[in-house]
Amino acid sequence: MFDAVFPTRRNPSPTTQIPVVDFSQSEEVVVETWRKACLDHGFLYVKNHGIPAEVIDAFMEKQRQFFALPKEAKESIILDGNNRGYTPFLESTLDPQQSKRPDTHEGLYFGREVAPDSEEGKLPLHGPNQWPAEELLPGYRAATWAYYQALTELNRRTLPVLALSLGLERRHFDPLFERAIASLRPLHYSAEAAAPEQGQFSAGAHCDYGCLTFLLTDGTPGLQVYLGDKWHDVPYIPGTLVINLGDMLERWTGGRYRSTMHRVVNTSGRERFSAAFFVEPNFETVVEVFPQEGGTKYEPIQCGEYILEKYRTTYSVKTAAAAEQAIAA
């Protein structure tokens, strides 16, 4: 049903139970569990990840406070051409083929703080963040940035695991992610019940564009993955984050590692809060199949231009125009 929209995916392992990678275990066990999860599911849980509960709790509380603000206050930091700021409800359509209307969530984008007058600041998708005024939402910036920095450190710990799982040198990815395009996206889903059979989704079916996504949720159900030709709920496991692989990593591995379709279908009758941390390589990185993978299934792509093109097809005309200007710059 989805072949016209998404690349054909290999059949998953006989079990649809998503593996748990425990970072407190030996490196050998962590790498092997990670490898199997990437081969068979493209999704995994990670526990003992090192991010303190108080950092997570403070971050989530501030996101609830932001999304409770009046519409005018939120739209004062509307999404800019460098993918920083607020995206309103019904702004994005992640599955344009199946959706009858845009998705029922609102969100924010934050990235690395880059001075606009620096050389790096001239690149698309780079620049300063847009923050709500401190007097409007005291402590928001500090709590959000603390979580961003904690995720950045977790990604640094994760890259060697990824490299070793592929038979690469431990630090293979480090220079390629030294100036990563790393976007934190807090999300608020309305309590309105999704109705997939009517083309109404909290977040339509899609595969993530990039390499790695680190996902935090408030425990409200709704996340589903497409495995074994059917949709499966992803249960909430307290104390864990969900990690999933994106299309760029699938390309890099010649299709060996999976980028798996997923969606959000919130039928709980209550609001849902989550936060995704999307990690892509440096803007100028050329992603081409590792030599040991063989074959020419995927042509090389330049990371930054690829991500810009994906954003252009997801968001409104206003954002699409900004993306097109950035690509042409």
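Residues that are under 15 Å from the mean Cα position of the chain (by Cα) and closer than 18 Å to I307 by Cβ do occur in the range 184-192, at least one of them.
Given the structure, is L123 over 29 Å from A68 (Cβ atoms) and in contact with a Phe, Trp or Tyr (Cβ under 9 Å, 6 or more places away or on another chain)?
For L123, the condition - over 29 Å from A68 (Cβ atoms) and in contact with a Phe, Trp or Tyr (Cβ under 9 Å, 6 or more places away or on another chain) - is met.
Of the residues making up the range 180-201, one or more are at pLDDT 95 or above and part of a loop (DSSP other than H, G, I, E, B). Note on the range 284-322: among residues that are part of a loop (DSSP other than H, G, I, E, B) and β-branched (V, I, T), the one that is modelled with the highest pLDDT is T285. For T93, the conditions (1) modelled with pLDDT of 95 or more; (2) outside any helix (DSSP H, G or I) all hold with the exception of (1).
Pairing each residue of the range 48-77 that is of a type in the set (K, R) with any residue that is assigned to a helix (DSSP H, G or I) and surrounded by 15 or more Cβ atoms within 10 Å (Cβ to Cβ), provided the two are 6+ apart or on different chains, yields C-beta distances under 8 Å for K62/Y140; K62/A143; K62/T144; K74/F66; K74/F67.
Somewhere in the range 208-220, is a residue surrounded by 17 or more Cβ atoms within 10 Å (Cβ to Cβ), over 19 Å from R35 (Cα atoms) and without any contact (Cβ under 8 Å) to a residue 60 or more places away in the chain? Checked the range 208-220: at least one residue is surrounded by 17 or more Cβ atoms within 10 Å (Cβ to Cβ), over 19 Å from R35 (Cα atoms) and without any contact (Cβ under 8 Å) to a residue 60 or more places away in the chain. L166: among the aliphatic types (A, V, I, L, M), touching a Cys at 6+ places or on another chain (Cβ under 9 Å) and modelled with pLDDT of 95 or more, yes or no? Spelling it out, L166 is indeed among the aliphatic types (A, V, I, L, M), touching a Cys at 6+ places or on another chain (Cβ under 9 Å) and modelled with pLDDT of 95 or more. Within the range 232-257, the set of residues being closer than 20 Å to F177 by Cα and surrounded by 19 or more Cβ atoms within 10 Å (Cβ to Cβ) comprises I243, N244, L245, G246, D247, M248, L249, E250, R251, W252, T253, Y257. Among the conditions (1) more than 30 Å from K297 (Cα to Cα); (2) over 18 Å from the mean Cα position of the chain (by Cα); (3) at pLDDT 90 or above, P102 misses just one, which is (3).
The values are calculated or read from the model by the stated rules, or taken from the named source; none is laboratory data. Bear in mind the structure is a predicted one, so any value in this text is a computation, not a measurement. A quick note on method: Cβ atoms are made from the backbone with ideal geometry, for glycine too, and the neighbour counts reach across all protein chains shown.
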